Amino acid sequence: MSKTRQFKTEVQQLLQLMIHSLYSNRDIFLRELVANAADALDKARFESLTSPDTAREWKIKIVPDKEAKTLVIADNGIGMSEDEVVENIGTIAKSGTKAFLKMLEEKGENSADMPELIGQFGVGFYSAFMVADKVELVTCRAGEEAVKWSSDGQSNYTLSKAEKTEPGTEITLYLKSDAEIYLESWKISEIVHRYSDFIAYPIVTPEKKIDEDKNETVSERTLNSQKAIWLRKPSEITDEEYKSFYAHLSNFGGTEYLKAIHMTAEGASEFKALLFLPKQAPFNLLMPDIQKKGLQLYIKRMFITDECKELLPDYLRFVCGVVDSSDLPLNVSREILQQNPLLGKIQTAVTGKILSEMKKLLENDRENYEKFFVEFGRIIKEGLHTDRANAEKIKDIVLYESMNSGAGKFITLKEYVDAMPESQTEIFYISGEKREAVASSPALEYFRKKGWDVLFMTDPIDEWVMQSMFQYMKKNFKSVTKGDFTDTEQDDAIKAAGEKYAKTVEFLKKELSGQVSEVKFSCRLADSPCCLITDGAALSPHMERLFRAMNQDIPVSKRILELNCEHPLIAAFESKLAAGADEASLGKYAKVLLDQALLLEGSPVADPAEFARSIQELLTEALNK
C-alpha cells in the first residue's frame, strides 16, 4: 500500500532553487549520482571487512533506454532501509554520508581504515530533477525490505514496498524532452570520462553486439579507467601509464613530457599530486585568452575543475597535473572552491616542489633543462617580479646567454658570479631584442677590454623583471647602457679630454639639442667614437619600444651621447672647429654620428632616407678630395 508524505522542509521553493539554480552545468547530475553510488559501495566494502560473506564484485551501472526515455543509475552497494530513505532522501540537505562518518567516529574506528566518502551536503541527489520530470529510487539494505521512493520534484514524494532482494540502489530518471541527449552512449561516456574517470569502482553500461549471423549479444562496457595513478607509488607506474595519463591531462595532445613529479602532503593540509613538466610549449602558451590555467582538482577521486588557478602561480601555468585533496571545502554545488587558507598552503607546497625539481634537473640533466628553459624560460622569469617569496629560488634556475658564453650557450647567475674577478663588484647586463643587436653595442667595449662578462637579456620580459631584481648573492645588477660609469684609472684622462675637446662638446650639444640631453666623455668606449646611454631613472629605448608595441603612448626620451676621447674622429672634429670650418657642414657630420650610434645599439634611426643621403654626400665629398 502506497503512502504519500510531505518533504520535511517547509518551503517548496528551496527544492526548486536547488533543482534550477544550484548547478551551472546540467551534466553535473550524472557526476552527483555516480558519486552517491560510489559512496554506497564504499560503505558496503567497509562493512565487508568485518563480514567477508557480504563482499561482492562492486560496480556502478548506467543503463539508457531510448524507447522508454529513461536513464538508470544502479549500484550494488549498501542500500537503504525505509527509515534511511525518509531521513536521507525525504529530508532535503540531510547527508547520509555525513551521518555515516559521524557514526564511525563515535565508534572509534581507526581513521586510516575509514572510507573516503564524497557526499557532504545531501543535495546531490536532487540534481537529477534538472534533467528528469520524475525520479524513482528502489533500494534494499541487507536484512531489510526493499523500498521504492518516487517524486516529480514538486512538493510530495511517494514511498511503497518494492521487489528487490539484493542490496543496492537503483535510480530511474524519466528524462525531460530537452534532456534526451543523456540517452546517447557518447554523451554518457563523455561525462563519466570527464568527472568520474578515476572513481575506484567500474562504471559499466550495456553494449549490444551483432555477429555475422545477425545474432545479438549484450555485454558490459567499462566507461572509466579507475587508474588514479597519482595515488600509486612511482615504482608501480609504467612509462606507458605515465604517457597515457599525461596525454589525458595536456591541453595539446602530446605524450612526451620532461619529468613527472609526485607529491604527498600530510598534516594540516592533506593532498596528493602528480605534476608534469612538458617538453614543448603549447601553441597557446603566450595567448592567455585561450589558454587554460591551473591544475586539475579532484576531491577523493571525483573531478571538480580542470582550471583551478589558485593551486599554481601564473608563471608556472605550463605545468599540468592533478591535485587530489581530502579536505578542501567546496560550495554546496561542488563546482566552486570556497576561499580558504588551505588553497594557499597547497599552492605554496606545490610551487616549492616544482622549483626544487627544476633545480635538480638543472644540476643533474643540464642539456635537457636548457632545452626546457628555451621553451618556458620567458614565462618562468615572470616569477622574479611577481613571486617575491620564491624570487631567490627562481634566480637559481634562470639562464642567460652572455658576452663570453658564445651564441646558444647559457649560464646561471651563480656561474656568472663564480667567474667574476675580484676587481668586479657588480653583475653587468645589457638588454635588447636579440643577441646580434646587443653583442654589437659599443657599450660592451670597456668590458671586453677588461675581460668582464656581461649578461645578455633578450627576452621581452627581462628588462621589466630587472626593475625589481636588485641583487644576487649580495651583488648588485647594473645595466651597461644606463647611468654613470666610472673608472678611477681613467678619471684624469676624461677630465683632460673635456678641456681639450670643449668646442666639440659644445658644438654637438647645440646641433643635437633636440635629440640628446647631454654630451660628455666616458671611459665606457674603446673602439667606437660614441654611444648612447640612458639616464638611470629613464626607460631604455628597448623598453619604450615594448610599451609602444602594446599601444602605450610613450614619448621618446632624450639620451646621453658619450664620446671616446681617444678616437681620431673626435680629434678631427676639434681640428675642423678650431680651423673655422663651416658649421652647417659639420652639423651634417654630427647627425650622422648620432644615427650610427643608434644603429650600433640596434635602434632605428629617426629618418633613414635622410641618413642615407647624408652618407652619400659625405662619401662624395671625401672621394672628390
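The values are calculated or read from the model by the stated rules, or taken from the named source; none is laboratory data. As the structure is a prediction and not an experimental result, all values here were calculated from the model. Cβ placement follows ideal geometry from the backbone for every residue including glycine, while neighbour counts extend to all protein chains displayed. All accessible areas refer to the heavy atoms of the entire protein, side chains included, with ligands and DNA or RNA removed. Shrake-Rupley method; radii C 1.70, N 1.55, O 1.52, S 1.80 Å.
Before moving on, here are some points about what is shown:
- The peptide list 53-64, 343-354, put in order of mean Cβ contacts within 10 Å with the highest first, becomes 343-354, 53-64.
- Helix 185-195 axis versus longest C-alpha principal axis of the chain: approximately 60°, rounded to the nearest ten.
- The angle separating the long axis of helix 608-624 from the principal Cα axis of greatest extent in the chain is about 30 degrees.
- Taking the C-alpha atoms only, the angle from helix 568-578 to the longest principal axis of the chain is near 50 degrees.
- Interchain or long-range residues, amide H under 5 Å from Leu258's placed H: Leu277, Lys279
- Neighbourhood net charge (15 Å Cβ-Cβ; Lys/Arg +1, Asp/Glu -1) for Val374: +1
- Interchain or long-range residues, amide H under 5 Å from Thr305's placed H: Leu297
- Cβ-based charge dipole, the chain, positive-most Cα from Tyr589, Ile411, Ser250: Tyr589
- Within the chain, percent of DSSP bridges classed antiparallel, to nearest 5: 80
- FRET efficiency, Ser440 to His567 (Cβ-Cβ, R0 22 Å, nearest 0.05): 0.85
- Largest accessible area first, the residues Glu136, Glu511 order themselves as Glu511, Glu136 under a 1.4 Å probe with ligands, DNA and RNA left out.
- Among 608-619, 269-280, the peptide with the highest mean count of other Cβ atoms within 10 Å heads the list, and the full ranking is 269-280, 608-619.
- The range 390-519 - percent relative contact order, Cα under 8 Å, separation 6 or more: 23
- Within the shell of other residues whose beta carbon sits under 15 angstrom from the beta carbon of Phe470, the net charge comes to +2, with Lys and Arg scored +1 and Asp and Glu -1.
- Electrostatic dipole magnitude of the chain [Cβ: Lys, Arg +1; Asp, Glu -1; Cα centre; debye, to 20]: 520
- Cα-derived Rg to Rh of the chain, Kirkwood definition: 1.19
- Surrounding net charge for Ser269, when Lys and Arg each add one and Asp and Glu each subtract one, Cβ distance under 15 Å: -1
- Packing here is the average count of other Cβ atoms within 10 Å per residue, and on that basis the peptides 583-595, 210-222, 415-427, highest first, run 583-595, 415-427, 210-222.
- Separation in nanometres of the label points that stand 7 Å from Cα toward Cβ, at Asn364 and His248: 2.6
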